[in-house]
Amino acid sequence: TTNAGRKWKAEVKESIDATLNRVSSSGVSGASYYSGSVGNIKRAADGSYLSVASRGNFYLTWKPGDDFWLPHNRGTPRRITAMGYVGNNAANGVWMTLNGGQMAIAGASANTDVEPEFSGVKVDSGGYGILDCDYRTPQEAWAVGGGGTMYRSTDGGKTFKFDASADRIPGNLYTVKFFDDKTGFALGSDGVLMRYQG
């Protein structure tokens, strides 16, 4: 919008629903895989968007200048729980959390390839679901999940180790967000709000 929100112009030629309908009715074998609706959505600093299907069976990406959302296979038999951009930058790639407390990471090609290559991330979650991840610095990432679990990576998200910061939180942690390398928060059930203290 250019007039304080009084008039809006679409950035895409069709909605996500229309894209999914077009793909699933194209006659391509397995295209019905791309049915349903989207759950969450993340935005990178460059204006790129990433959205996970509500059933966790695929994800979609869009970047400024694209005419349509692009659907991608998840590349794993496990359902996607959440996804986001590595360091809030689409050029750095994407991370995804999967059912059963697993994580995977891929390079920037995961934004353009329909069949992206993801690598498993070493995290001992004990089966607790990992619900969100965010990067404090290019090398340090934090992940949160069920049972008040919190994990920290110091190698750019390749491995995560349990962090006892939330050990006494009686509930789930749903999201973690860093605004810069000194300001970060984790939000959980029953109004729990944790602040990063370095």
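The values are calculated or read from the model by the stated rules, or taken from the named source; none is laboratory data. Here the structure is a predicted model, which is why all the values come from computation and not from measurement. Cβ: placed from backbone, ideal geometry, glycine included. Neighbour counts: every protein chain shown.
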*Kindly provide the set of residues from the stretch 41-65 that are exposed (fewer than 15 other Cβ atoms within 10 Å of the Cβ) and either out of contact with any strand residue (DSSP E or B) (no Cβ under 6 Å at 6 or more places or on another chain) or in contact (Cβ under 8 Å) with a residue 24 or more places away in the chain (or both), ordered by number.*
Ala45, Asp46, Gly47, Arg55, Pro64, Gly65
*asked:* Any residue that is of a type in the set (Gly, Ala, Ser) and modelled with pLDDT under 90 - is there at least one of those in the stretch 88-111?
replied: no
*What number of residues within the stretch 109-148 satisfy the criterion of being surrounded by 15 or more Cβ atoms within 10 Å (Cβ to Cβ) and among the small types (Gly, Ala, Ser)?*
9
*Can you spot a residue in the stretch 109-120 that is small (Gly, Ala, Ser), without any contact (Cβ under 8 Å) to a residue 24 or more places away in the chain, touching an Asp or Glu at 6+ places or on another chain (Cβ under 8 Å) and outside any strand (DSSP E or B)?*
yes
*Filtered residues of the stretch 173-198 (kept if out of contact with any Leu (no Cβ under 7 Å at 6 or more places or on another chain), surrounded by 11 or more Cβ atoms within 10 Å (Cβ to Cβ) and among the polar types (S, T, N, Q))*: Thr183, Ser189
